[in-house]
Structures are given as structure tokens and as C-alpha cells.
Amino acid sequence: MHYLVTGHTGFKGAWLVQLLHAHGHQVSGLALDPAPGALYERARVGELMEQDLRVDIRDGAATAAALRQVSPDVVVHLAAQPLVRESFRDPRTTWETNVNGTFNVLDAVAATPSVRAQLIITTDKVYRNVNQIWGYRETEPLGGVDPYSASKAAADLLTQSWIATSGCEVPTAIARAGNVVGGGDVCPERLMVDLVAAFSAGQDVHLRYPHAVRPWQHVLDCLAGYLALVDALLEGRLAGEAFNFGPGTGSFVEVGTVARTVARLWQTTAGVVVDEAPALHEAGLLALDARKAELALGWHDRLDFEATMAWTVEWARRAHDGADARELCTEQIAAFAATGGGKAGR
Ligand SMILES: NC(=O)c1ccc[n+]([C@@H]2O[C@H](COP(=O)([O-])OP(=O)(O)OC[C@H]3O[C@@H](n4cnc5c(N)ncnc54)[C@H](O)[C@@H]3O)[C@@H](O)[C@H]2O)c1
């Protein structure tokens with residue numbers, strides 16, 4: 001099977017290419033250049049790929065030409081401007097990438113006869129946040145205040161409209177997941193990235209929202225859900241549906257607890273410091289109810305909170321000590337597969 005991953009130079013994309021490659025699939029990608037120090041470069045992800053294209057999804061013609069050139073069987077659309085704070089700084093690029101870019105991918109797929117399934121990745125932040133303490137279900141209203149959340153909710157609605165009205169016959173589904181962590185993330189403004197950077201340098205870490213509760217999921221658990229949904233589409237099931245892929249309530253943990261857990265696992269003497277009140281709006285708890293994925297796909301998280309943190313810290317510490325990033329990913333992909341008694345994707 002030939003997969004095209006948009007956003008393969010990013011964090012989830014770099015793991016996904018390696019995971020698909022480990023399953024014996026051909027993988028191509030389209031994205032912008034990787035960020036400095038990105039996992040894509042550290043793990044030499046480009047070496048695993050059939051076609052490794054630099055295409056801006058805001059450019060519809062270029063996106064369509066890339067799809068034609070690759071002619072994949074499956075498209076997984078991850079490419080996005082995925083940061084809340086960046087979306088305040090640059091709302092235009094956020095909206096254009098997340099909405100127009102998604103339109104261009106959907107449109108390009110419709111014009112590419114080889115495609116047998118496509119998965120559009122949105123986020124837990126698509127739900128209208130009413131500060132409920134139980135998880136959101138797929139049928140609940142979408143919304144979003146900050147430009148990132150609102151643009152992803154718009155991309156989600158756009159995809160639902162496209163499925164209902166475009167006449168495109170490619171089986172399409174939507175996947176919504178929350179905070180993911182794992183080795184090699186370099187996106188600014190993400191807690192785990194800040195923790196790893198601080199503890200690698202033996203420095204204290206500064207927290208903005210120590211009591212904010214977030215769901216924490218390992219990137220491999222999230223990607224396993226995505227691939228289980230793609231497999232269902234290829235089997236002729238579940239087209240047109242949206243699915244949540246969130247961890248169980250044991251992984252809804254305060255930011256301060258995450259910082260202290262990582263400090264303990266890192267065995268650092270560096271401290272955890274709480275900063276002054278935040279200036280920007282940030283959503284309260286957003287938890288996903290993933291029972292639909294459990295019932296329809298047999299998917300559930302395999303790594304609990306402690307294991308998720310331990311795997312992430314182990315990756316980061318060993319990479320910091322000079323271990324090869326590709327080997328670390330390969331090892332964890334194999335270890336993850338062993339937790340489910342088979343392939344990491346299912
Ligand atoms: N990481 C998380 O915790 C998280 C949580 C919920 C949802 N998501 C979603 O998962 C997806 C991947 O997130 P990530 O954490 O890997 O982000 P990332 O920033 O690491 O990667 C983003 C990727 O998108 C590409 N991209 C950005 N703008 C583009 C453009 N105009 N044209 C082509 N490519 C472009 C980048 O080059 C990069 O490859 C996004 O859709 C994001 O909204 C991530």
C-alpha cells in the first residue's frame with residue numbers, strides 16, 4: 001500500500017512515516033521544510049520515503065500536481081499550523097493553512113483516481129468548550145475561540161460538508177485527538193518540549209498553567225488509532241464518520257504533575273517554577289470520550305500515563321546522550337507492537 005502523509009516533516013508525521021515503513025508500506029510526503037532539529041532530520045526520515053516533496057498546501061495547483069505525481073492509495077492529512085499561541089500571532093496563515101489547505105487536499109484527492117481512502121486529522125480542540133469535566137463525544141457541537149481551535153473546527157466542518165455534498169467517492173473519515181507526547185518533538189510552546197529542553201540543560205522549568213488539566217497520550221497510541229481507522233475505510237467500513245482518539249481518565253493530569261513526573265524520571269535536581277498569570281486565552285480541560293473508537297475499531301490506549309511519560313523521557317534522555325534517533329524510534333515502534341501482540345497500527 002502506498003501512503004501519502006501531508007505534514008511528514010512535523011512531529012506526528014515523522015513518527016507516522018517510520019511506523020508505516022515498519023509495516024512494510026511505501027510512504028511519500030508533502031510538507032514545508034522541517035523546523036531546526038526536527039525529528040524528521042534527526043531520524044533521517046527522508047531516506048525511508050518514495051517521494052519527499054516540499055509543497056505548500058495553500059497552493060491548490062501545486063497540491064493537486066503533487067497528488068497526481070505520487071498517485072497514492074491512502075492519504076493521511078496532518079499538515080497544519082498546529083499551535084494556539086502562533087495562531088494569535090499569525091491568524092491569517094493559521095486560517096489559510098488549516099482551512100484553505102484542507103480544502104486543497106480534499107480537492108486534489110478527488111482528482112486523483114488512485115486514492116482508496118483518506119483521513120483528515122483535526123483535534124480535540126474542535127469541540128465547543130463548555131468546561132464539562134467528562135469527555136466530549138463525536139456528536140457534540142463544534143466551536144473554538146482562539147484562531148487555531150476555530151480554524152480546525154472549520155476544517156472539520158468543511159470535511160463533513162465535503163463528504164456530504166462534493167460527490168467525491170473516496171472513503172473519508174475524520175480523526176480527532178488531543179495532546180500527544182513522544183520522543184523528538186520540537187514544536188515551541190508545548191510542555192514536554194520545554195521540559196526536555198530545560199532538564200537536558202540542567203535548568204529549572206517555568207510553567208504557565210500548573211493546575212490546567214490535560215489528557216496526555218503517547219504519539220504511537222494516537223497513530224495506532226489513525227491507522228486502525230484507515231484500515232476500516234479500506235475494508236469498506238465507517239466512511240463519513242468522525243472518531244475521537246483520546247486516553248482514559250487516568251491520563252487526565254495537571255501540568256504541574258506532568259512536570260514533576262518528568263523531573264523524577266529524568267532524575268534531575270532542576271526545579272519546577274510557576275510563572276505569573278497568563279495573558280492569552282487558553283481553553284480549560286478538553287477531554288475526549290473515545291468509546292466509539294473502542295467499540296467500532298477495537299482501539300484503546302496501550303500506554304498509561306506513567307508509561308507514556310517514561311517512554312518519552314527515555315527517548316529524550318538517550319537521544320541527549322547520543323543515541324541514534326532512528327534506532328530509538330524503531331525500538332519503541334517494536335516495543336509498542338509487542339504491547340498489542342502484533343503490528344503497531346492495530
Ligand atoms: N501534536 C499534538 O499534540 C496535536 C494535538 C492535536 C492535533 N494535532 C494535529 O496533528 C497534526 C500534526 O501536528 P504536529 O504536532 O505533527 O505538528 P508539527 O508542527 O510538528 O507539523 C506540522 C506539519 O505541517 C506542515 N505544514 C505546515 N504548514 C504547511 C503548509 N502551508 N503546507 C504544507 N505543509 C505545511 C509542516 O511542514 C509540518 O510537516 C496537525 O493537524 C495538528 O493540528 C496535533
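Structure data summary
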{"quantity": "Residue count, region 27-61 (criterion: surrounded by fewer than 21 Cβ atoms within 10 Å (Cβ to Cβ), part of a helix (DSSP H, G or I) and out of contact with any strand residue (DSSP E or B) (no Cβ under 9 Å at 6 or more places or on another chain))", "calculated": "5"}
{"quantity": "Single residue of 74, 145 found to be among the β-branched types (Val, Ile, Thr) and out of contact with any helix residue (DSSP H, G or I) (no Cβ under 9 Å at 6 or more places or on another chain)", "calculated": "145"}
{"quantity": "Residue in region 64-76 that is within 8 Å of the ligand (Cβ to nearest atom) and either among the β-branched types (Val, Ile, Thr) or closer than 26 Å to residue 99 by Cβ (or both) present", "calculated": "no"}
{"quantity": "Count of residues meeting criterion [within 13 Å of the ligand (Cβ to nearest atom), hydroxyl-bearing (Ser, Thr, Tyr) and more than 14 Å from residue 82 (Cβ to Cβ)] in region 3-28", "calculated": "0"}
{"quantity": "Qualifying position, being more than 23 Å from residue 110 (Cβ to Cβ), in contact with a Phe, Trp or Tyr (Cβ under 9 Å, 6 or more places away or on another chain) and touching a residue at least 24 places away in the same chain (Cβ under 8 Å), among 19, 48", "calculated": "19"}
{"quantity": "Enumerated strands (runs of 3 or more DSSP E) restricted to region 153-223, each holding at least 1 residues that are in contact (Cβ under 8 Å) with a residue 60 or more places away in the chain and more than 27 Å from residue 302 (Cα to Cα)", "calculated": "205-207"}
{"quantity": "Test set (1) within 17 Å of the chain's Cα centre (by Cα); (2) in a loop (DSSP other than H, G, I, E, B) - residue 20 fails condition number", "calculated": "(2)"}
{"quantity": "Boolean, residue 117 is in contact with a Cys (Cβ under 6 Å, 6 or more places away or on another chain) and farther than 17 Å from residue 87 by Cα", "calculated": "no"}
{"quantity": "Selected residue (only one of 102, 94, 122 is of a type outside the set (Asp, Glu), crowded, with 19+ Cβ neighbours inside 10 Å, within 16 Å of residue 166 (Cβ to Cβ) and within 13 Å of the ligand (Cβ to nearest atom))", "calculated": "102"}
{"quantity": "Looking only at region 192-224, and only at residues there that are within 14 Å of the ligand (Cβ to nearest atom) and of a type in the set (D, E, K, R), the one that is surrounded by the fewest Cβ atoms within 10 Å (Cβ to Cβ)", "calculated": "194"}
{"quantity": "Top-ranked residue of region 132-184 - restricted to ones that are of a type in the set (Phe, Trp, Tyr) and over 15 Å from the mean Cα position of the chain (by Cα), ranked as farthest from residue 227 (Cα to Cα)", "calculated": "134"}
{"quantity": "Residue match in region 176-191 (condition: more than 14 Å from the ligand (Cβ to nearest atom) and either of a type outside the set (Gly, Ala, Ser) or in contact with a His (Cβ under 8 Å, 6 or more places away or on another chain) (or both))", "calculated": "no"}
{"quantity": "Where a residue in region 264-293 is farther than 22 Å from residue 83 by Cα and assigned to a loop (DSSP other than H, G, I, E, B) and its partner, wherever it lies, is at pLDDT 75 or above and of a type in the set (Asp, Glu), with Cβ under 7 Å and at least six apart", "calculated": "270/204; 271/204"}
{"quantity": "Region 269-287, residues that are under 23 Å from residue 183 (Cβ atoms) and either modelled with pLDDT under 85 or surrounded by 18 or more Cβ atoms within 10 Å (Cβ to Cβ) (or both)", "calculated": "272"}
{"quantity": "Criterion violated by residue 301 - all others in (1) assigned to a helix (DSSP H, G or I); (2) within 26 Å of residue 328 (Cβ to Cβ); (3) acidic (Asp, Glu) satisfied", "calculated": "(1)"}
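The values are calculated or read from the model by the stated rules, or taken from the named source; none is laboratory data. Quantities reported herein were computed from a predicted structural model and do not represent experimental measurements. Positions of Cβ are backbone-derived with ideal geometry, glycine not excepted, and every protein chain shown enters the neighbour counts.
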